[in-house]
């Protein structure tokens, strides 16, 4: 590798790594920390290790999108600056062809393609599966200490078809307000001075039990809304059971989602004749999407070089805006193909390759025209 090759490769590599860091830290982790702080405000009892594990799992999931976009941004910035500073013209006057100038870019593209393949095919499915397991851990949290589920003086909506608001004090829920929802409408409202929370896992349908004192219950009548046709009841003590079977089923459902399946299992399910047509189609779609994302770095390299040279912009803003337009167009086409993942008759696993084919064709055309000048 010549000095010029090392120079171009270093410029592209360093710019891409900086862009990855910016996207991960500012755009991704910024939103993650906002959500985490919101949850910590609701549930200060959540352990620090739980939070750190969640952050660690978000990073590899974000890399599958951050690496191709950052690589495209780096190419546009580097070749835009080379063109604006007339360095590209100097290379051509020295007798170097376009293909020869872009050899280091191709090597860097292959490097990032290998990284993206590893992330998309192995790391991201594992991270998504672990995150689903963390969501399903609400069920395990109830086994250990059901009171940890309830935020202090904030609305809790994790229980199926129920909204709960209460103050946590002395191991009890004080000033309990419980709303039972049916089709997003209030069916009954319960007010209680205090309630003790227990979970019964021995019954066929596990329930969370609220043993309440000084209870006021308002139920919806036959006609009208809750306020117009309410039927109040007053009791010294009462118990309400809320089904938690949904939490128990989340782990099994999450483990079979195509997004969370390892590569080998995804291959086997995509061709399993015993599965429904829609399930097989989703698995094939996910399989094609992982490979399509993996080679997107090569696609962006081919289209980024001629666009960067033609733009002739030294500023980072112009390169960033141009890369945004290309990336948004690319991922929009991918999402349109993803909308058809349940239609096996439309071959959505082939449609997901259309963005790569379109941008590769456009890139080859632009590259060829530029090389003839």
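If only one of 82, 96, 76 is assigned by TED's automatic domain parsing to the domain that holds residue 12, under 21 Å from residue 368 (Cβ atoms) and assigned to a loop (DSSP other than H, G, I, E, B), which one is it?
Every option except 96 fails the conditions.
I'd like the full set of residues that are surrounded by 13 or more Cβ atoms within 10 Å (Cβ to Cβ), assigned to a helix (DSSP H, G or I) and modelled with pLDDT of 75 or more, limited to the stretch 330-349. Walk me through how you get there before you give the answer.
Keep residues of the stretch 330-349 that are surrounded by 13 or more Cβ atoms within 10 Å (Cβ to Cβ), which gives 330-331, 333-334, 336-338, 340-344, 346-349.
So of that shortlist, the ones also assigned to a helix (DSSP H, G or I) come out as 330-331, 333-334, 336-338, 344, 346, 348-349.
330, 331, 333, 334, 336, 337, 338, 348, 349, listed by residue number.
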* To do: Within the stretch 197-207, identify whether any single residue is modelled with pLDDT of 80 or more, touching a strand residue (DSSP E or B) at 6+ places or on another chain (Cβ under 9 Å) and surrounded by 17 or more Cβ atoms within 10 Å (Cβ to Cβ), and answer yes or no.
  => yes
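The values are calculated or read from the model by the stated rules, or taken from the named source; none is laboratory data. These numbers were taken from a predicted model, which means no experiment stands behind them. All Cβ positions, glycine included, derive from the backbone under ideal geometry; neighbour counts span all protein chains shown.
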